[in-house]
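Novice: This is the structure, below, for whatever I ask next.
The values are calculated or read from the model by the stated rules, or taken from the named source; none is laboratory data. Source: prediction; values computed, not measured. All Cβ positions, even for glycine, are placed from backbone atoms using ideal geometry, and neighbour counts span all protein chains on display. Accessible surface areas use protein heavy atoms only, side chains included; no ligands, DNA or RNA. Shrake-Rupley method; radii C 1.70, N 1.55, O 1.52, S 1.80 Å.
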Amino acid sequence: MSAVQPSRSLRILTISAFLLVLLSLYMVFVYAPREVVMGAVQRVFYYHVAAGWIGALAFLVTLIVSILYLATNNIILDRIAVSSVEIGVVFTSMNIASGSIWARPIWNTWWTWDPRLTTATVMWLLYIAYLMLRQGLEDPERQRRFAAVYGILAFTSVPLTFLAIRIWRTIHPVVIGSSDPGAEGQFDMTMRMRSAFFFSLFTFTVLYTTLLWHRVRLEGLACRVAIMKARLLHDR
Amino acid sequence: MFLQEITPDTSFYMLLGYAVFAILGAGYVISLLARSRKLRREAETIARIQVEDSEQSLS
C-alpha cells in the first residue's frame, strides 16, 4: 500500500502551502496598512479576490482536462476534472460568502442582485450541479463523457462572471482597470497593499495545486477500492 | 472641522469574513482526511478478507 502514502514532493508542497498561508496572514493583518475609508473590513479583499481567482482557475483547469479527456479517454484527466470542480466550488463559496460580509458595512446590505453577484451565483450553482449530476449516472463511461461535455459548457459562466463588472452597470468595484462610476467600495492600493494582494494570489495558487494533488490521489484510491470490491464479489 | 471623517470600526465584519475562510477551508481539509481514512480502512478490510478467503481455500 505504498501508493497510499503521499510522495516526498507532495509532502514538501503541503508544508510549503501551510507556511505560505501563515506568511500571507502576516502580510494581510500586519504588513498591509488599514484602509482609511472602509476600515478593517477592507482586509477581506485580499482573500476574497484570491478565492475568486482560484474558483476561475479551477474551472479553467476543468475545461482543459475535459477537452483532453474527450480527445484521449484518459481516466486520470477525468479525475483531475472532478477534483478541480470540487475545489473550485469550495473557493467560490468562500468568495461569495466573504463578498456578502464585506458588502454589509460598505453597501449597507448583505446581498443585492447586481450583475457580478448574480453571474457568480449562477456559476457556483452550475458547478454544484456538475458534482450532483455526476452522481446520477450509473455507467462510469457515460458519467465521464457527460461530465466532460458539461464541464466544457459550464465554463461559459466563468468569463461572463469576470466581464460582468466591465460590461454592465454595477455597484461592484473593479480591482484591475477602471470601475463603473456607481461602484462602491473602490480604493487606491498602496505598495504594501499590492504586495499583500499579489502574495495572497500566489499563496492561494500554491494551495490550490496542493489540494488538487491530494484530491486526485483520493479519487485514484476510491477507484482502486471500487476495483478491489468488484474483484472480491466476483471471486466469491 | 466638524466634517472631519473618521475611519469606521468594521473589525467585526473582517473577523466574520476570515472566519468564513477558516471554517470552509478547514472543513474541506477535514473532509479530505476523513474520506481518505475511510477508503484506506475499506482497502485494508478487503485485503484482509482476500487473505482469509485464500487461507480457507488452501485448508
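Novice: Filtering the range A:212-236 down to residues that are farther than 24 Å from A:Ala81 by Cβ and assigned to a helix (DSSP H, G or I), which residue is farthest from the other protein chains (Cβ to nearest Cβ)?
Specialist: Here the residue is A:His234.
Novice: Let me ask something additional. Please name all residue pairs, on different chains or six or more residues apart, with Cβ atoms under 8 Å, provided the first residue is in the range A:43-56 and is over 13 Å from A:Phe199 (Cα atoms) and the second residue is basic (Lys, Arg).
Specialist: Listed by first residue and then by second, the contacts come to A:Arg43/A:Arg34.
Novice: Look through A:Val85, A:Val37 and report the one residue that is touching a Phe, Trp or Tyr at 6+ places or on another chain (Cβ under 8 Å), of a type in the set (Val, Ile, Thr) and not in a helix (DSSP H, G or I).
Specialist: Checking each option against the conditions leaves just A:Val37.
Novice: Looking for whichever is farther than 27 Å from B:Val29 by Cα and of a type in the set (D, E, K, R) here; the options are A:Glu86, A:Glu141. Which one fits?
Specialist: Checking each option against the conditions leaves just A:Glu141.
Novice: Of (1) touching a residue at least 24 places away in the same chain (Cβ under 8 Å); (2) within 13 Å of another protein chain (Cβ to nearest Cβ), A:Thr118 satisfies all except one. Which?
Specialist: Result: A:Thr118 passes all but (2).
Novice: Across the range A:150-161, what is the number of residues that are under 20 Å from A:Val65 (Cβ atoms) and open to solvent by 40 Å² or more (accessible area, probe 1.4 Å)?
Specialist: Number satisfying all stated conditions: 5.
Novice: Contact list please: Cβ distance under 9 Å, first residue in the range A:25-37 and closer than 23 Å to A:Glu184 by Cα, second residue at pLDDT below 90 and hydroxyl-bearing (Ser, Thr, Tyr), pairs at least six apart or on different chains.
Specialist: So the pair list comes out as A:Arg34/B:Thr7; A:Glu35/B:Thr7; A:Val36/B:Thr7; A:Val37/B:Thr7.
Novice: Just the residues that are over 15 Å from A:Phe18 (Cβ atoms) and among the hydrophobic types (A, V, I, L, M, F, W, C), please, taken from the range B:31-42.
Specialist: B:Ala34, B:Leu39
Residue-by-condition table, conditions (1) facing chain A (nearest Cβ under 7 Å); (2) open to solvent by 70 Å² or more (accessible area, probe 1.4 Å); (3) not in a helix (DSSP H, G or I):
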residue: B:Ile6; (1), (2), (3): no, yes, yes
residue: B:Ala19; (1), (2), (3): no, no, no
residue: B:Leu24; (1), (2), (3): yes, no, no
residue: B:Tyr28; (1), (2), (3): yes, no, no
residue: B:Ser31; (1), (2), (3): no, no, no
residue: B:Arg35; (1), (2), (3): yes, yes, no
residue: B:Thr45; (1), (2), (3): no, no, no
residue: B:Arg48; (1), (2), (3): no, yes, no
residue: B:Glu55; (1), (2), (3): no, yes, no
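Novice: OK, next. Looking only at residues that are within 11 Å of chain B (Cβ to nearest Cβ) and under 30 Å from B:Ala43 (Cα atoms) in the range A:179-211, which one is most open to solvent (accessible area, probe 1.4 Å)?
Specialist: A:Leu207
Novice: Something else: Give the range A:67-81 a look and list any residue that's open to solvent by 10 Å² or more (accessible area, probe 1.4 Å), assigned to a helix (DSSP H, G or I) and not small (Gly, Ala, Ser), or say none.
Specialist: Passing the criteria: A:Ile67, A:Leu68, A:Leu70, A:Thr72, A:Ile75, A:Ile76, A:Leu77, A:Asp78, A:Arg79, A:Ile80.
Novice: Which condition does A:Met123 not pass, out of (1) open to solvent by 40 Å² or more (accessible area, probe 1.4 Å); (2) modelled with pLDDT of 95 or more; (3) closer than 16 Å to A:Val49 by Cβ, if it passes all the others?
Specialist: (1)
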